[in-house]
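Readers should treat all values here as calculations from the given coordinates under stated rules, not as data from a laboratory. Quick caveat, the model's predicted, so the values are computed rather than measured. With ideal geometry, Cβ positions are generated from the backbone for all residues, glycine too; neighbour counts draw on all protein chains shown.
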Amino acid sequence: MTKLSGWVSLLCLGLAFSRSACAGLEQLQYLTEECKPFNYTLPSGQASGIAVELLQRIWLRTGTPAQPIRFLPWARGYLRLQQQPNTVLFSTARTRTREPQFRWACPITKTPTVLLGLRLRHLHLENLQQLRAYHVMAVRSDVGEQVLRSQIDAEVRLDTTHAINLALRQLKAGRIDLVSFNERVARQTWQEMGEQDQDLQTLWDLGAQEICYAFNPQTSPDLIATFQQALQQEIASPHYPALLQRYQLAP
């Protein structure tokens, strides 16, 4: 071993995140979607959201140069996550169905998936069997579709679209009765459409899920462990509660 290579080895061993410094989280492809307040683009084109800010701080903690973040429709990003090694998709709800399909770094936060309807319709649900009388919409491959399908029978009319704002427009127009989606995101999108929050009614709670960074299963376990360690340290820092407050995600 040369003197130079020896110094490089010692430097890598001495860093808190040696695997990241020597292997590099820059090997990963970072995919996300427009889903405020978790991840979205500002009018300037800059990526923002609590998941984006946490990711940027993970890069800082691991000495990783800032990486490109690619925004895709959810179903397309989800397909790439399944097919392409070294792919990270966020923010991804961690469910029983998805658990064995991917590797995970958690949590970004935890939020509920619900069925939402228009308050003026005066709809009421005592059980999910009553959904047979209604037309429901979810975002394709989203947790709102997957969790609901796991809890209902085939007789329920459940259609999908590729974005939550499109589902909410269908709800407003009276073409569907209910939307299955993350409650915080749906309500924030509804308000950004110029609508009043009180006009939406939560009719059924489908359960809360951890929102995480999901990795293609062929991704190096060492890279994921480095990522998870940095995420845990960030969550334990004073910065994390402030992020939750700023994005209105505090419990």
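With respect to Gln196, is the statement that it is out of contact with any strand residue (DSSP E or B) (no Cβ under 9 Å at 6 or more places or on another chain), free of Cβ contacts under 8 Å to residues at least 60 places away in the same chain and either over 21 Å from Pro100 (Cα atoms) or not basic (Lys, Arg) (or both) true? Yes. Take the conditions (1) closer than 24 Å to Leu28 by Cα; (2) β-branched (Val, Ile, Thr); (3) out of contact with any Ser or Thr (no Cβ under 9 Å at 6 or more places or on another chain); Thr219 misses just one of them, which is (3). Only one entry in Pro112, Pro100 is in a helix (DSSP H, G or I) and either touching a residue at least 12 places away in the same chain (Cβ under 8 Å) or over 29 Å from Thr41 (Cβ atoms) (or both), namely Pro100. Considering region 49-86, the residues that are surrounded by 21 or more Cβ atoms within 10 Å (Cβ to Cβ) and in contact with a helix residue (DSSP H, G or I) (Cβ under 8 Å, 6 or more places away or on another chain) include one that is nearest to Arg184 (Cα to Cα), namely Ile50.
The set of residues in region 237-251 that are out of contact with any strand residue (DSSP E or B) (no Cβ under 8 Å at 6 or more places or on another chain) and in a helix (DSSP H, G or I) comprises His239, Tyr240, Pro241, Ala242, Leu243, Gln245, Arg246. Exactly one residue among Val156, Val143, Val179 is closer than 19 Å to Cys35 by Cα and touching a Leu at 6+ places or on another chain (Cβ under 6 Å), and that residue is Val179.
For region 23-48, the candidate set comprises residues that are among the aliphatic types (A, V, I, L, M) and assigned to a strand (DSSP E or B); within that set, the residue that is surrounded by the fewest Cβ atoms within 10 Å (Cβ to Cβ) is Ala47.
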